[in-house]
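What follows is a short report on a single structure.
Throughout, read-outs are computed from the coordinates displayed, never taken from laboratory work. Values in this document were obtained by computation on a predicted structure and should not be read as measured data. Glycine gets a Cβ as well: all are built from the backbone with ideal geometry, and neighbour counts include every protein chain shown.
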Amino acid sequence: MRLYALCDQELLDKRSVSLEEFIEIAKANNAEIIQYRNKNADIAFIKQQLILIRKKFDGFLIVNDAYELIDFCDGVHVGQEDLKAIDNDVFKAVQILRSVIKEEKLLGISTHNEKEVLEANEMDLNYIGLGAYRQTSTKTDIASVLGPNLDAIASKSKHLVAAIGGVKFDDNFSNVAYRVIASGLIK
């Protein structure tokens, strides 16, 4: 199963891991995608980090939320609450995002249940993140844990699915293309 490495700046800082060290760990584990997430920094800092990742990583680079930085990466990932900050109608929010980032860039959103997966099927997306699979230390606002139900819900998606939330290297799914791992990459 393929690896989607979630680079959470808060986690890096908490564990005293540099961005360069994270990139090397991701590469050593054959990550195909790195998503850079920083909920607290200004746009200038996030841009600087994206430029650094791009210099050292040849795979896909996704930015979390900061769609205004699309020129520095391959795509954008947005959570449900962040979609609603763009527009209360999530379908319209995805249309707005797609118009900004254009068709050649990747667009993914987080989903947490079957209803959101079925809604995502009607959206112009490249993939969905689905979870949380189990409790995780990188997010405290997890509404529910899907556990073994994640794979069955993933089977209902027409998009590629990335399992999110507490995923480990030895987790296997039949209907999931990517395992998204954050804290499991760094000790």
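Suppose we filter segment 26-54 for residues that are exposed (fewer than 15 other Cβ atoms within 10 Å of the Cβ) and out of contact with any helix residue (DSSP H, G or I) (no Cβ under 9 Å at 6 or more places or on another chain); how many remain?
6
Take the residues in segment 17-47 that are free of Cβ contacts under 8 Å to residues at least 24 places away in the same chain and among the small types (G, A, S); name whichever of them is nearest to I128 (Cα to Cα).
A28
Being among the aliphatic types (A, V, I, L, M), more than 19 Å from N126 (Cβ to Cβ) and not in a helix (DSSP H, G or I) is the filter here; which residues of segment 168-186 pass it?
Across segment 168-186, the qualifying residues are I181, A182, I186.
Which one of K102, K115, K92, K84 is at positive phi and of a type outside the set (V, I, T)?
Numbers: K115 fails: at positive phi; K92 fails: at positive phi; K84 fails: at positive phi.
After ruling out the rest, the residue left standing is K102.
Any idea which of (1) under 23 Å from G131 (Cβ atoms); (2) touching a Cys at 6+ places or on another chain (Cβ under 7 Å) is the one H77 doesn't satisfy?
Only one criterion is unmet by H77, namely (2).
Within segment 85-108, identify whether any single residue is surrounded by 15 or more Cβ atoms within 10 Å (Cβ to Cβ) and among the hydroxyl-bearing types (S, T, Y), and answer yes or no.
Within segment 85-108 (the criterion being surrounded by 15 or more Cβ atoms within 10 Å (Cβ to Cβ) and among the hydroxyl-bearing types (S, T, Y)), the answer is no, since none of the residues qualifies.
Does D65 satisfy the criteria of being buried (at least 17 other Cβ atoms within 10 Å of the Cβ) and on the phi > 0 side of the Ramachandran plot? Write out each step before concluding.
On the way: buried (at least 17 other Cβ atoms within 10 Å of the Cβ): yes; on the phi > 0 side of the Ramachandran plot: yes.
Yes: the conditions hold for D65.
Hey, can you tell me all the residues within segment 11-20 that are over 24 Å from D71 (Cβ atoms) and surrounded by fewer than 14 Cβ atoms within 10 Å (Cβ to Cβ)?
D13, K14, R15, S16, S18
Go through (1) more than 17 Å from the chain's Cα centre (by Cα); (2) touching a residue at least 40 places away in the same chain (Cβ under 8 Å) for N121 and report which single condition fails.
Result: N121 fails condition (2) only.
Contact list please: Cβ distance under 9 Å, first residue in segment 161-180 and at positive phi, second residue polar (S, T, N, Q) and not in a strand (DSSP E or B), pairs at least six apart or on different chains.
G165/Q135; G165/T136; G165/T138; G166/Q135; G166/T136; G166/S137; G166/T138; G166/S183
Tell me, yes or no, whether segment 89-100 has at least one residue that is within 22 Å of A163 (Cβ to Cβ) and in contact (Cβ under 8 Å) with a residue 40 or more places away in the chain.
No.
May I ask you to list the residues in segment 152-164 that are outside any strand (DSSP E or B) and out of contact with any helix residue (DSSP H, G or I) (no Cβ under 9 Å at 6 or more places or on another chain)?
Looking only at segment 152-164, we keep the residues that are outside any strand (DSSP E or B), and these are 152-159.
Within segment 152-164, S155 is the sole residue that qualifies.
Among the numbered criteria (1) within 25 Å of V100 (Cα to Cα); (2) surrounded by 19 or more Cβ atoms within 10 Å (Cβ to Cβ), which one does I23 miss?
All conditions pass for I23, except number (1).
Only one of these is assigned to a strand (DSSP E or B) and among the hydrophobic types (A, V, I, L, M, F, W, C): L83, L107, L97. Name it.
Only one candidate passes the filter, namely L107.
Condition first: touching a Cys at 6+ places or on another chain (Cβ under 8 Å) and closer than 17 Å to G75 by Cβ. Now tell me which residues in segment 1-42 satisfy that.
Across segment 1-42, the qualifying residues are A26, I34, Q35, Y36, R37.
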